[in-house]
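Take a look at the structure set out below.
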Amino acid sequence: MLGRSLPEPLGPLDFDGFAIVDILVDRGAIAKIAPAGAVDFGDAPEVELSGRIALPLFVDVHTHIDKGHIWRRKRNPVGDFPSALQAVIEDRGANWTAADVAARMEFSLRSAYAHGTAALRTHIDSVGAQTRISWPVFAETRERWLGRIELQASPLFSIEFALDSSHMADVEAMLDAHGTGILGAVTYMVPRLRQGLEVLFDLAERKDWELDFHVDESADPAARSLKVVADMAIERRFERRILVGHCCSLTRQEDDERGRTIDAVARAGISVVSLPMCNMYLQDRAAGRTPRWRGVTALHELKAAGVNAMIASDNTRDPFYAYGDLDMMETWREGVRILHLDYPFADWAPAVSASPAQAMGLDLGVLREGRRADLILTRARDFPELLARPQSDRIVVRNGEASNAAPPDYAELDALKGLAP
Ligand SMILES: [Zn+2]
């Protein structure tokens, strides 16, 4: 087991940072974690794992389960960001009834559950009539999944909408009735960026809500809204958690400018999530031209500055990302390759569990005595074995028992409008 998945290291760690331990599971909970062979567990039945890797369940802090799985009826014609935005606007207006959103959310969560996710935050497109359609669906879904996946949600709209008081009244009402205490928006360089942010910070302070922003999802080095968000959090001494996602343009800026922004993000205590699969898909795409850039943010530099840095799934089979299945093992595999989250691997393993759990305010992502025996068992014995294969044969253990949940059949979506082949 990875030393960093434990509250404190147990015994010597190997080259990769793993500790070899025995785990006593009793009535669905972790009763004891001890160095291998150090404690006699009596005649408790044993499962010999022979030093194979056990992980805490995953935490997926940035997803869009309201958008997921619409690809078949609304493709991205060229695979770039503006086309994704336009395609989703069209599909949302035409098809996102409560029943449609509910069915696709359920499909997404069944996949996440089968792959071993314990908690998930989604963004909810919150513009026009959609706001009052999707939030009640999210609340019902959250209720239905209690005890299986801990769900949080943040509203998603362009920052300029924050200056529209009737829009904000709708958002506030829906969050009051159905939200999880998180407010958010998409920030980019518009003339009234600061005014829009002030509205959101004001509301979050008044309500004691957290904030979650989509920030600078752009290759343009002039996209600098991250610095504006961080400076505002510092100026206002904002005390609740803030999470920002994407921040792609940060890697396109000059070193000193990037350094100043990272310093502000660290001082503001903001957590940063990179979405490596979606960013690599959308960024630096032009027909007939090979991409030169991986699209991801300066995650290493952020982490080195003390920022809580992590990765997440983002979109699944929609115009923003044609692939994906809310499998954090895939996100980890791809994240290691795209972002070089190795050397040492152990530094970055919490990026799919303990770090996002911290950003969500949840005590997950670490295996502790007294907690539910929720873990993922693999055949791998080191990181290259773990990350070389998709771990399709992983065993997800929940409450001390192997789960037999499988991802749903795509054909289950055929009943929805426009999704049958
Ligand atoms: Zn996103």
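The values are calculated or read from the model by the stated rules, or taken from the named source; none is laboratory data. On a predicted model such as this, the values are computed, not experimentally measured, just so you know. Positions of Cβ are generated from backbone atoms using ideal geometry, with glycine treated the same way; all protein chains shown enter the neighbour counts. In case anyone asks, the SASA skips ligands and DNA or RNA and just uses the protein heavy atoms, side chains included. Shrake-Rupley method; radii C 1.70, N 1.55, O 1.52, S 1.80 Å.
Going through (1) out of contact with any strand residue (DSSP E or B) (no Cβ under 7 Å at 6 or more places or on another chain); (2) farther than 30 Å from residue 231 by Cβ one by one, residue 190 falls short only on (2). Summed over the stretch 66-76, the residues that are closer than 21 Å to residue 313 by Cα and open to solvent by 30 Å² or more (accessible area, probe 1.4 Å) give a count of 4. Exactly one residue out of 326, 367, 386 is over 24 Å from residue 28 (Cβ atoms), of a type in the set (A, V, I, L, M, F, W, C) and assigned to a loop (DSSP other than H, G, I, E, B), and it is 326. The set of residues in the stretch 140-179 being open to solvent by 40 Å² or more (accessible area, probe 1.4 Å) and within 30 Å of residue 403 (Cα to Cα) consists of 140, 142, 143, 144, 146, 147, 148, 150, 178.
If you filter the stretch 32-49 down to residues that are in contact (Cβ under 8 Å) with a residue 24 or more places away in the chain and closer than 17 Å to residue 381 by Cα, you find that the one that is surrounded by the most Cβ atoms within 10 Å (Cβ to Cβ) is 49. In the stretch 103-126 there is no residue that is out of contact with any Ser or Thr (no Cβ under 7 Å at 6 or more places or on another chain), more than 18 Å from residue 408 (Cβ to Cβ) and assigned to a helix (DSSP H, G or I). Scanning the stretch 77-102 for residues that are open to solvent by less than 70 Å² (accessible area, probe 1.4 Å) and part of a loop (DSSP other than H, G, I, E, B) yields 79, 80, 96. Please specify each residue of the stretch 271-288 satisfying the condition of being in contact (Cβ under 8 Å) with a residue 40 or more places away in the chain and within 16 Å of the ligand (Cβ to nearest atom). Across the stretch 271-288, the qualifying residues are 271, 273, 274, 275, 276, 277, 278, 279, 280, 281, 282, 283.
Restricting attention to the stretch 206-223, report how many residues are on the phi > 0 side of the Ramachandran plot and within 16 Å of the ligand (Cβ to nearest atom). Residues in the stretch 206-223 being on the phi > 0 side of the Ramachandran plot and within 16 Å of the ligand (Cβ to nearest atom): 1 in total. Selection of first residues in the stretch 408-420 that are under 14 Å from residue 97 (Cα atoms) and surrounded by 11 or more Cβ atoms within 10 Å (Cβ to Cβ) and of second residues that are at pLDDT 95 or above and of a type in the set (S, T, N, Q), restricted to Cβ pairs under 7 Å at least 6 apart or on distinct chains, gives the following pairs, ordered by first then second residue: 417/95; 418/95. Filter the stretch 334-364 down to residues that are assigned to a helix (DSSP H, G or I), open to solvent by 40 Å² or more (accessible area, probe 1.4 Å) and more than 18 Å from residue 245 (Cβ to Cβ), then give me how many there are. So the answer is 3.
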